[in-house]
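The values are calculated or read from the model by the stated rules, or taken from the named source; none is laboratory data. Only a predicted model underlies this, so the values are computations on that prediction, with no experimental measurement involved. Virtual Cβ from ideal backbone geometry, glycine too; neighbours counted across all protein chains shown.
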């Protein structure tokens, strides 16, 4: 493939990692903010309280960020095939570890 495609997929992988880090940090911030509001409120609220929304959003965002960051890099210019894409690493855990750069996917 041409060099613009190599540059494109490097940038794609870097942006996916930056997105994952951003979502993880935002999720952790919502968790801390929700815990601080609960402490300021005077303890753990009941299930009918809207104070549960912040920690719930934080937990879901942090879980999404972790899932994005755990995914392997995707580089079709180096031979990766879309239908064999394994975002949770189940197939790669069974095979020999590939030497990929975590940020760019370079070998």
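Residues in segment 9-47 that are modelled with pLDDT under 85 and in contact with a helix residue (DSSP H, G or I) (Cβ under 8 Å, 6 or more places away or on another chain): 5 in all. Of the residues making up segment 49-71, those that are within 18 Å of residue 13 (Cα to Cα) and either in a helix (DSSP H, G or I) or at pLDDT below 80 (or both) are 64, 65, 66, 67, 68, 69, 70.
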